[in-house]
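The values are calculated or read from the model by the stated rules, or taken from the named source; none is laboratory data. Treat the numbers as computed from the prediction; the structure is a model and nothing was measured. Neighbour counts are summed over all protein chains in view; Cβ atoms, including those assigned to glycine, are modelled from backbone coordinates with ideal geometry.
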């Protein structure tokens, strides 16, 4: 499982960075989205990867804290997703404004040579 | 012991802008006069609260005052912490905010919608970032201030702003990803997000995990360096600051200082003397990057042809100076750096506002503004009372040129560090403390004396190039006979600039009490045990409002 998660983060992050460096605004926004998926998975995995652990405290099985999944990274991911979503939406608006004002989807507002 | 009203004062700089900003959003897009009034009142109140907090931080017996917003004990919930440095930054933010706001009332606040709510939310983010003692909460406040700054940067619209805004947003979104990765790594290794708790645990990190933890801190550092405008992560800064509307740019001059503030705080808190094997990890890097930034800013200043870009490079020089001073890791240098921070931020703010007034009589600038105002249907006044105002305003102040010239000279003197204004005191303090380390506390990450001389040379050269570039701009603006009319200034535009410059003079005249404050602040930063103890021993309040013993 560790390997799959690591590869997933690597592929998402790598494609995200490659797209981020491309000259078209649409590629940049896709790159930022992929990068934020990679980051979210990464935060999640920082709570340690495990299978079959209890997510919510239960009075009947409150024996060992080690039996529970770490709730904090999940809360952090949730916050990061919400903020990332809002920022992507905002970037999309600016992207459309740039397209409308400059007539091109190049990040510099004019076609490169 | 009951909590009295001034225990709750610390949350006001966050809650007040949030509530006011939210309420102004409900007012819709019109009613600019009402919103402007509310905004000015809220910012005045913020300044008053910030000054009260400054007195509290300076006068109290405790080094750090802690507020627990959710009433969870320290390492678990979010804690707000107020020490001398945070209080100083709060006062500086409120001062800059009030001045830019007053300036914008002349006409810029009508150049687009939602200027006033965005302005308040920006203040909320800034204040929160200065007060919080929790790494993830810091991320949230960073995002709030960035989101508001995207809006403010685009305020007034136009192709240039949208283009630079696109770059600015992309860079900062990538920076936010790095921020999250760094925070997640630090959480994964130390198991805590509370800055004080992390500082305690960092000394106990086992050898194999230490490298991961240091990598996390380095990634986090890169995110802050982007915000601070450090080379080579600052190519977005001059174009976007030049494109932003002047009041927004003046407020942005404190935004790079947020990055500097966090680097200063975290490098000393997490990697101070108590950090075990990681102690002094950050300082050399910050010093080298600071020197590179200073060089880049100096060269850029010589190369820039327009005043807005020049001001952007002045921001970079200021960041570079501060970063290299932080890199020395000595409390006397840090104290001098704090003096420089206050003096240069005030001068930069004044310069961003002033440069618009200087360019005003140029036709193309005026045309651009006229088009923008027309696009928003503001060329005709709505309200008869305002109509009267605008005719009043049309009368040129006879001393306009004299004021502009004097203000320009004052800005140039402070920015380049020439006597007799506060910039000179700041640079003199920096150079003295860099070269005279004797009689001070044991040093962390002591840089070689060669680097001290390099910094000395760079500081002097950057001062010289600042003088050269500003003289060039000044000659072009004031002495070239072009038969232009003296620009028409309004009192509300002149007042904020004069206020910032007068504050700089007050800082110079009152240098001794100011330096005493900065020395206390720097000493507390370099000996974070008190800060850590203060946060970790913060007590909960029970539901009757009593503090549990």
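Kindly check whether there is at least one residue in the range A:53-74 that is within 11 Å of chain B (Cβ to nearest Cβ), farther than 19 Å from residue A:28 by Cα, in a helix (DSSP H, G or I) and more than 12 Å from the chain's Cα centre (by Cα). Outline the logic, then answer.
Kept after step one, since they are within 11 Å of chain B (Cβ to nearest Cβ), are these residues of the range A:53-74: A:70, A:72-73.
Narrowing the set further to residues that are farther than 19 Å from residue A:28 by Cα leaves A:70, A:72-73.
Subsequent filtering for residues that are in a helix (DSSP H, G or I) retains A:72-73.
Filter once more, keeping what is more than 12 Å from the chain's Cα centre (by Cα): A:72-73.
Yes.
Can you find a residue in the range B:520-532 that is under 22 Å from residue B:423 (Cα atoms), modelled with pLDDT of 85 or more and buried (at least 19 other Cβ atoms within 10 Å of the Cβ)? Spell out how you get there, then give the answer.
Just the residues of the range B:520-532 that are under 22 Å from residue B:423 (Cα atoms), to begin with: B:520-522.
Filter once more, so that each one left must be modelled with pLDDT of 85 or more: B:520-522.
The next check asks that each one be buried (at least 19 other Cβ atoms within 10 Å of the Cβ); those that pass are B:521-522.
Among the residues of the range B:520-532, at least one is under 22 Å from residue B:423 (Cα atoms), modelled with pLDDT of 85 or more and buried (at least 19 other Cβ atoms within 10 Å of the Cβ), which makes the answer yes.
Do we find a residue being within 14 Å of chain A (Cβ to nearest Cβ), touching a residue at least 24 places away in the same chain (Cβ under 8 Å) and either surrounded by fewer than 21 Cβ atoms within 10 Å (Cβ to Cβ) or out of contact with any strand residue (DSSP E or B) (no Cβ under 7 Å at 6 or more places or on another chain) (or both) anywhere in the range B:249-260? No, the range B:249-260 contains no residue that is within 14 Å of chain A (Cβ to nearest Cβ), touching a residue at least 24 places away in the same chain (Cβ under 8 Å) and either surrounded by fewer than 21 Cβ atoms within 10 Å (Cβ to Cβ) or out of contact with any strand residue (DSSP E or B) (no Cβ under 7 Å at 6 or more places or on another chain) (or both). Among the numbered conditions (1) at pLDDT below 90; (2) farther than 30 Å from residue A:106 by Cα, the only one that residue B:183 does not meet is (1). Listed here are the helices (runs of 4 or more DSSP H) enclosed by the range B:75-167 that have at least 2 residues being within 13 Å of another protein chain (Cβ to nearest Cβ), farther than 25 Å from residue B:308 by Cβ and in contact (Cβ under 8 Å) with a residue 24 or more places away in the chain: B:135-153.
Which of the following residues is in a helix (DSSP H, G or I), at pLDDT 50 or above and surrounded by 12 or more Cβ atoms within 10 Å (Cβ to Cβ): B:357, B:368, B:418?
Values: B:368 fails: at pLDDT 50 or above; B:418 fails: in a helix (DSSP H, G or I).
From the options B:357, B:368, B:418, the qualifying one is B:357.
Out of the residues in the range A:33-49 meeting the condition of being more than 8 Å from the chain's Cα centre (by Cα) and farther than 15 Å from residue B:190 by Cα, tell me which one is surrounded by the fewest Cβ atoms within 10 Å (Cβ to Cβ).
Residues of the range A:33-49 that are more than 8 Å from the chain's Cα centre (by Cα), as a first pass: A:42-49.
If we keep only those that are farther than 15 Å from residue B:190 by Cα too, we end up with A:42, A:44, A:49.
Details: A:42: 23, A:44: 19, A:49: 13.
Checking each candidate, the answer is A:49.
Within the range B:168-178, if we keep just the residues that are within 9 Å of chain A (Cβ to nearest Cβ) and closer than 23 Å to residue B:116 by Cβ, the residue that is surrounded by the fewest Cβ atoms within 10 Å (Cβ to Cβ) turns out to be B:172.
Taking the stated definitions as given, is residue A:9 within 11 Å of chain B (Cβ to nearest Cβ), buried (at least 16 other Cβ atoms within 10 Å of the Cβ) and over 25 Å from residue B:190 (Cα atoms)? Judged against the criteria, residue A:9 is not a match. Is it the case that some residue within the range B:133-153 is within 19 Å of residue A:85 (Cα to Cα) and in contact with a strand residue (DSSP E or B) (Cβ under 8 Å, 6 or more places away or on another chain)? Yes, that holds for at least one residue.
If you go through the range A:38-69 and pick out every residue that is in contact (Cβ under 8 Å) with a residue 12 or more places away in the chain and in contact with a helix residue (DSSP H, G or I) (Cβ under 9 Å, 6 or more places away or on another chain), you end up with 15. When residue B:329 is tested against (1) in contact with a helix residue (DSSP H, G or I) (Cβ under 7 Å, 6 or more places away or on another chain); (2) in a helix (DSSP H, G or I); (3) modelled with pLDDT of 75 or more, only condition (2) is not met. Given the criteria without any contact (Cβ under 8 Å) to a residue 24 or more places away in the chain, surrounded by fewer than 19 Cβ atoms within 10 Å (Cβ to Cβ) and part of a helix (DSSP H, G or I), does residue B:201 qualify? Yes.
Restricting attention to the range B:182-198, and to residues there that are touching a residue at least 40 places away in the same chain (Cβ under 8 Å) and under 19 Å from residue A:38 (Cβ atoms), which single residue is nearest to the other protein chains (Cβ to nearest Cβ)?
To start, the set of residues in the range B:182-198 that are touching a residue at least 40 places away in the same chain (Cβ under 8 Å) comprises B:182-183, B:186-187, B:192-198.
From what is left, the residues that are under 19 Å from residue A:38 (Cβ atoms) are B:182-183, B:186-187.
Details: B:182: 10, B:183: 8, B:186: 9, B:187: 6 Å.
Going through the qualifying residues, I end up with B:187.
The set of residues in the range A:19-37 that are touching a helix residue (DSSP H, G or I) at 6+ places or on another chain (Cβ under 7 Å) and more than 8 Å from every other protein chain (Cβ to nearest Cβ) comprises A:19, A:22, A:27, A:29, A:30, A:31, A:33, A:34, A:37. One residue stands out in the range A:78-92 among those that are free of Cβ contacts under 8 Å to residues at least 40 places away in the same chain and more than 9 Å from chain B (Cβ to nearest Cβ): the one that is surrounded by the fewest Cβ atoms within 10 Å (Cβ to Cβ), namely A:89. Can you name the number of the only condition in (1) closer than 23 Å to residue B:344 by Cα; (2) at pLDDT below 85 that residue B:539 fails? Single failed check for residue B:539: (1).
Taking first residues from the range B:13-29 that are at negative phi and surrounded by fewer than 18 Cβ atoms within 10 Å (Cβ to Cβ) and partners that are modelled with pLDDT under 90 and assigned to a loop (DSSP other than H, G, I, E, B), the Cβ contacts under 9 Å between residues at least 6 apart in sequence or on separate chains come to B:25/B:114; B:29/B:113; B:29/B:114. Taking the criterion of being in a loop (DSSP other than H, G, I, E, B) and crowded, with 16+ Cβ neighbours inside 10 Å, the residues of the range A:94-113 that qualify are A:105, A:107, A:109.
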